[in-house]
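The values are calculated or read from the model by the stated rules, or taken from the named source; none is laboratory data. Computed from a predicted structure; not experimentally measured. We place every Cβ from the backbone using ideal geometry, glycine too, and count neighbours over all the protein chains shown. Remember, those area values only see protein heavy atoms, side chains included, never the ligands or the DNA or RNA. Shrake-Rupley method; radii C 1.70, N 1.55, O 1.52, S 1.80 Å.
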Amino acid sequence: MAKIFLTGGAGYIGSHTAVELLNEGYEVVVYDNLYNSSKESIKRVEEITGKSLTFYEGDIRDREKLTKILKAEKVDAIIHFAGLKAVGESVRKPLEYYENNVGGSITLLEIMNELEIKNIVFSSSATVYGNPDTVPITESSPKKDCTNPYGWSKSMVEQIMMDAQLANPKLNVILLRYFNPVGAHESGKIGEDPKGIPNNLMPYISQVAIGKLEKLGVFGNDYDTPDGTGVRDYIHVVDLAKGHVRAIKKIMENPGLKIYNLGTGVGYSVLDMVHAFSKACKKELPYEIKPRREGDIATCYADPTLAKEELSWEATKTLEEMCEDTWHWQTMNPNGYNS
Ligand code: NAD
Ligand code: UDP
């Protein structure tokens, strides 16, 4: 069975993808600098699957180490999750974000060229669509200006990978544009473990529910949406992880360049999320309406048809499952992997 190398594989989406790959019989090698994750997640992946994986602590910008490991491991494909992802922080530290996300990706691509590794799946984001003219968003919707350095770093790495693929037709590149990943593995053993106060909606709500945070601030209720709050396409992280397994199957067919939206095709508002989570945790969740957050858009959801047609993949988990699984993870691990 093929051997898959996961940069950033100790993180939130990477660890869930490792589980699905191991369950499907792939060999998994994780390379992560643990900047935003913990080795505990690797242990938990092994507990869930009853299988072992190979872990290396290392930075994608460490050319020597990465080259040495990739040379020794002889992997069939790379899924490139590694990167920094805090939108607000990226505005304050743009150079750090570009250096890690863009610089690191270039180093990785150079090493792949040198070692003739020909398959890469990249973690991109719906953020590359900017403020879309129409929804649902298809892959042929235009890429637009991003509103922060994090978003630009994704957009730039996409461009770099497309150019690298054009220059080297032996290279296969699949860009996966994630919508809003939420939820956790149903075992409650792995999940999202944000450092400090969460920026994203779901982990924030979850920490209000467990009593770590007092109340949720709802960023604007005057958008042109059914209840005035922002609408997003929330996708269960296990569905997302399964999308990566399908992308790996696809990339083995030498597809050249492919781009897929990974979303459900359904949009929920901030208040929909609050109410659904409230049901899952059986508590009222206090919130207050705050001003809009700079850079936010009203509505964003995917047209996931292409992934269904070409990857035979579609999201199957419901909003209830997203909330229940997040709550299960939160209550089993009130302090994340440090509990
Ligand atoms: P995460 O922070 O949990 O995982 C990223 C991992 O990369 C972490 O384990 C971190 O330690 C590691 N890492 C960071 N810089 C590294 C480096 N230089 N060398 C080696 N390892 C490094 O984030 P996630 O939510 O799992 O996201 C995975 C990928 O998906 C990221 O590229 C992210 O930008 C992208 N993405 C995430 C979302 C989301 O909402 N979670 C949405 C769209 C795209
Ligand atoms: N949001 C909110 N309060 C928060 C965090 C997020 O009201 O504390 C809203 C935000 O304005 C957006 C939605 O929740 O409409 C999803 O935000 P998130 O940051 O999770 O994802 P993104 O903005 O990247 O789609």
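Annotation: D32 fulfils all but one of (1) of a type in the set (D, E, K, R); (2) out of contact with any Phe, Trp or Tyr (no Cβ under 9 Å at 6 or more places or on another chain); (3) open to solvent by less than 20 Å² (accessible area, probe 1.4 Å); the unmet one is (2). If you filter segment 310-339 down to residues that are open to solvent by 40 Å² or more (accessible area, probe 1.4 Å), polar (S, T, N, Q) and in a helix (DSSP H, G or I), you find that the one that is nearest to N36 (Cα to Cα) is N338. Going by what's in this entry, would T229 be described as among the β-branched types (V, I, T), closer than 26 Å to A315 by Cα and either in a helix (DSSP H, G or I) or touching a residue at least 24 places away in the same chain (Cβ under 8 Å) (or both)? Against the criterion (among the β-branched types (V, I, T), closer than 26 Å to A315 by Cα and either in a helix (DSSP H, G or I) or touching a residue at least 24 places away in the same chain (Cβ under 8 Å) (or both)), T229 qualifies. Restricting attention to segment 36-50, does a residue exist that is in contact (Cβ under 8 Å) with a residue 40 or more places away in the chain, open to solvent by 60 Å² or more (accessible area, probe 1.4 Å) and in a loop (DSSP other than H, G, I, E, B)? Checked segment 36-50: at least one residue is in contact (Cβ under 8 Å) with a residue 40 or more places away in the chain, open to solvent by 60 Å² or more (accessible area, probe 1.4 Å) and in a loop (DSSP other than H, G, I, E, B). Listed conditions (1) closer than 22 Å to V270 by Cβ; (2) at pLDDT 95 or above; (3) not acidic (D, E) are all met by N172, apart from (1). When M202 is tested against the conditions (1) outside any helix (DSSP H, G or I); (2) over 20 Å from L6 (Cβ atoms); (3) not charged (D, E, K, R), the lone failure is (1). Picking from residues in segment 162-184 that are of a type in the set (S, T, N, Q) and more than 23 Å from I297 (Cα to Cα), the one that is surrounded by the fewest Cβ atoms within 10 Å (Cβ to Cβ) is N168.
Filtering segment 129-161 to residues that are without any contact (Cβ under 8 Å) to a residue 12 or more places away in the chain and buried (at least 22 other Cβ atoms within 10 Å of the Cβ) leaves nothing.
The residues on offer are G83, G88, G9, G25, and the sole one that is touching a residue at least 12 places away in the same chain (Cβ under 8 Å), surrounded by fewer than 22 Cβ atoms within 10 Å (Cβ to Cβ), assigned to a loop (DSSP other than H, G, I, E, B) and not aliphatic (A, V, I, L, M) is G25. Among the residues of segment 167-199, not one is in contact (Cβ under 8 Å) with a residue 24 or more places away in the chain and part of a helix (DSSP H, G or I). Among the conditions (1) exposed (fewer than 15 other Cβ atoms within 10 Å of the Cβ); (2) in contact with a strand residue (DSSP E or B) (Cβ under 7 Å, 6 or more places away or on another chain); (3) closer than 26 Å to I297 by Cβ, G256 misses just one, which is (3).
Cβ-Cβ distances below 6 Å connect no pair with a first residue in segment 103-128 that is near ligand 1 (Cβ under 9 Å from one of its atoms), a second residue that is among the small types (G, A, S) and outside any helix (DSSP H, G or I), and a separation of six or more residues or different chains. Among residues of segment 56-77 that are of a type in the set (S, T, N, Q), those with a beta-carbon under 9 Å from a residue that is open to solvent by less than 30 Å² (accessible area, probe 1.4 Å) at least six positions away or on a different chain give the pairs T67/I111. Only one entry in A307, A241 is away from ligand 2 (no atom under 16 Å from the Cβ), open to solvent by less than 50 Å² (accessible area, probe 1.4 Å), in a helix (DSSP H, G or I) and within 15 Å of A126 (Cα to Cα), namely A307.
Check whether at least one residue in segment 193-201 is open to solvent by 10 Å² or more (accessible area, probe 1.4 Å), of a type in the set (D, E) and under 24 Å from P132 (Cα atoms), and report yes or no. Scanning segment 193-201, I find no residue that is open to solvent by 10 Å² or more (accessible area, probe 1.4 Å), of a type in the set (D, E) and under 24 Å from P132 (Cα atoms), so the answer is no. Note on segment 268-297: residues that are open to solvent by less than 40 Å² (accessible area, probe 1.4 Å) and more than 10 Å from ligand 2 (Cβ to nearest atom) total 6.
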